[in-house]
Amino acid sequence: MNIDWSKIDMRVSRTETKKAHDRLQALTTPLAMLSKKQQANLPVSEFFLDELDQLASITSAAAKNRQIKRVGKLIVEEDRHTLTQALFEMTFSAPQIAKIQTWLTRLSLEDESTIKQFVKQFNASEFNSIYQLLLWIEYAKHLADDDLLAESVADFESYIKEVAILSI
């Protein structure tokens, strides 16, 4: 694929940053639904686990919403990729994981119809977000920047896992 990089603004938009933050916050609910044993096995700090644990004991809807927002903000301080991977593995069976992971190789900038198929199947995903993540991978390849490529691939893989979890 030939892309004229001089015509593309590769800054991450505030909208995309906000969407990423909102997705992470939304993971609070599936995290809270895990059993105590599963929560104890999450690769997170003790402080995060304590805050997540408090969610179970809150009965007031307003207080529960405040605590969900609080935990959602704390997720940002954890290792997003490791946490997403752990939750992904706890949410899906091995065959489901294999099926979802086939999308990682199927999705590409050249094939917009496959991106549209993915968005249709996983309602928490968005065409533009996927397109931007794939564009970053191509940009890193263009620059031959291995660090940027690794980061871009990790972001893309976490996105796929996050939207799969949030689309249940």
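A short reminder: the numbers here are calculations on the coordinates, not readings from a lab. Remember, predicted model here, so these are calculated numbers, not experimental data. Note that each Cβ is placed from the backbone with ideal geometry, even for glycine, and that neighbours are counted across all protein chains shown.
Here are the numbers for the structure shown:
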quantity: Cα gyration tensor shape for the range 93-168, rounded if a/c is under 1.5, else prolate or oblate; calculated: prolate
quantity: Rg/Rh (Cα only; Kirkwood hydrodynamic radius) as it applies to the range 1-137; calculated: 1.03
quantity: For residue 41, net neighbour charge (Lys/Arg +1, Asp/Glu -1) across residues whose Cβ lies under 15 Å away; calculated: -3
quantity: Candidate lysines - alpha carbon under 19 Å from residue 73, same-chain residues fewer than 8 apart omitted; calculated: 18, 19, 64
quantity: Within-12-Å neighbourhood charge of residue 66 [Cβ basis; K, R +1; D, E -1]; calculated: +3
quantity: Rounded, prolate or oblate (a/c below 1.5 giving rounded, otherwise prolate when a/b exceeds b/c) for the range 18-91 by Cα gyration tensor; calculated: oblate
quantity: Proxy reagent accessibility, fewest Cβ within 10 Å first, across 119, 12; calculated: 12, 119
quantity: Residue-averaged [θ]222 nm for the chain, counting only DSSP H segments that reach four residues, each worth -39500 (n - 2.57); calculated: -23000 deg cm²/dmol
quantity: Net +/- balance of residues flanking residue 160 in space, Cβ distance below 13 Å, scoring K and R +1, D and E -1; calculated: 0
quantity: Mean separation of Cα contacts under 8 Å (6+ apart) over length of the chain, as relative contact order %; calculated: 26
